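> Let me begin by handing over the structure; questions about it come next.
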Amino acid sequence: MRLIEDHILRKVNGNVVLVPLSDRETDFKGMIVLNHTGEFICRMLEKDTDQNRLVESLAQEYGMKPEQVEADVDAFLSELVACHVLIR
């Protein structure tokens with residue numbers, strides 16, 4: 001899975017945002033403001049990855065067990081799918 005390639009992550013006024021560059025691959029017309037966790041996941045999604053790798057990497061980043069972050073990762077990925085910015 002990966003982010004649709006027509007999106008970029010940028011820091012704007014101290015916030016990291018996910019912004020579509022055009023409407024070629026998505027019908028999402030806004031930007032998504034990300035916290036540190038969202039940025040971490042989206043940076044990994046800039047390259048093709050899988051959900052297990054995301055869960056393991058995020059758990060390691062925060063010193064948690066994978067099962068402690070699994071539901072949150074799944075919920076975040078579902079939101080990205082709903083916004084049409086993620087290819088699963």
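> Helix-only mean residue ellipticity at 222 nm, the chain, DSSP H runs n ≥ 4 weighted -39,500 (n - 2.57), per residue, nearest 500. What is it? Show your work: numbers first, answer last.
Working: 3 runs with 39 residues, N = 88.
The helix contribution divided over the chain gives -14000 deg cm²/dmol.
> Another one. Please give the helix 36-45 orientation as an angle from the longest Cα principal axis of the chain, in degrees from 0 to 90, rounded to the nearest 10.
Orientation of helix 36-45: about 80 degrees from the principal axis.
> Another one. Can you tell me the order of 74-80, 48-54, 1-7, 59-65 when each peptide is scored by its average per-residue count of other Cβ atoms within 10 angstrom, highest first? Each step should come with its number before you reach the end.
Numbers: 74-80: 15.1, 48-54: 13.4, 1-7: 17.0, 59-65: 11.9.
Listed from highest to lowest mean packing, they are 1-7, 74-80, 48-54, 59-65.
Every number in this text was worked out from the coordinates using simple rules, so none of it is lab data. Values in this document were obtained by computation on a predicted structure and should not be read as measured data. Using ideal geometry, Cβ is built from the backbone for each residue, glycine included, and neighbour counts are taken over all protein chains shown.
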